[in-house]
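Quick note: the coordinates plus some simple rules give every number you see, no bench work behind them. On a predicted model such as this, the values are computed, not experimentally measured, just so you know. Don't worry about glycine lacking a Cβ; one is built from the backbone with ideal geometry, like all the others, and counts go over all protein chains shown.
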Amino acid sequence: MTRTDVINRRRFARLRHGGSAYGAAGMTSGQQLVQLTPPGPTGPAPVTVEMLDSGSRFGILFVCTGNLHRSVMAERLLRSRLDDRLPVTVISTGIEAVVGAAVGEHSAVALRELGVDPEGHSARAYVPQLANNADLILTAERAHREQVLRDTPSALRRTFTLEEFARLAETVEPLPFAARPRLVELRAKVHAVAGRRGRVMPGRGPRDIADPATADLAETRRVAADVADKIAAVVRVLGLTPV
């Protein structure tokens, strides 16, 4: 386990035992934030609230704890399947992000083995303004979903765990692929998935994505495969790639 993963694990523990949800980024939920990561020649372009502006693009926000493993897997796996012509923005963040850190070592290996490039990632902090603007918010765990909804109750019909969305989406007629999809149709499909709550019961499997922060490579591979399966359900129901 790398030093970054050790730091990340400690912050996970603080979140789960009632610590500050924004301590790693030095923020509170009431603060306005426009730029989430500092610009720099070796880092990603700054992430701004406007990047998830729902007026012009369909915004998908992934949330986990450290933005080093699960949400990065989801973001990179989804990006790898998106048609470049689609007006879709995909961002991953962490509620207790180790801001600026790269993908966890084992997670990077697992992504490469799935044919996805993990390079260039710089961990970003989740802030409620992102949830305000996102059209679909997918979290690794129920605890993350609860945090998002405490901050942004109006996001209820747009916020799911990744497991929940994938499970419900299997019972919804998918959108056909279109190079220029109507954003209103994508948003309506998210609401259709939300409408299946209470009608599709959870299975016997885990309802959260397992946390690989301290896992060995074999377990991290299993987590990556689990995330990939659920991303396939997202892509299918929203019609984000040609069949």
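What FRET efficiency comes out for Glu113 versus His191 if R0 is 41 angstrom and r is the Cβ-Cβ distance? Round to the nearest 0.05.
Between Glu113 and His191 the formula returns 0.70.
If you average the alpha carbon positions of the stretch 177-243 and of the stretch 96-137, how far apart do those two centres end up, in angstrom?
Spelled out, the Cα-based centre of one part sits 16 Å from the other.
Taking H as built 1.01 Å from N, whose amide H comes closer than 5 Å to the amide H of Thr89, not counting residues under 5 places away?
Phe58, Gly59, Ile60
In nanometres, what is the gap between the two model label sites at Arg85 and Val184, each 7 Å from Cα along Cα-to-Cβ?
Calculated label separation equals 2.2 nm.
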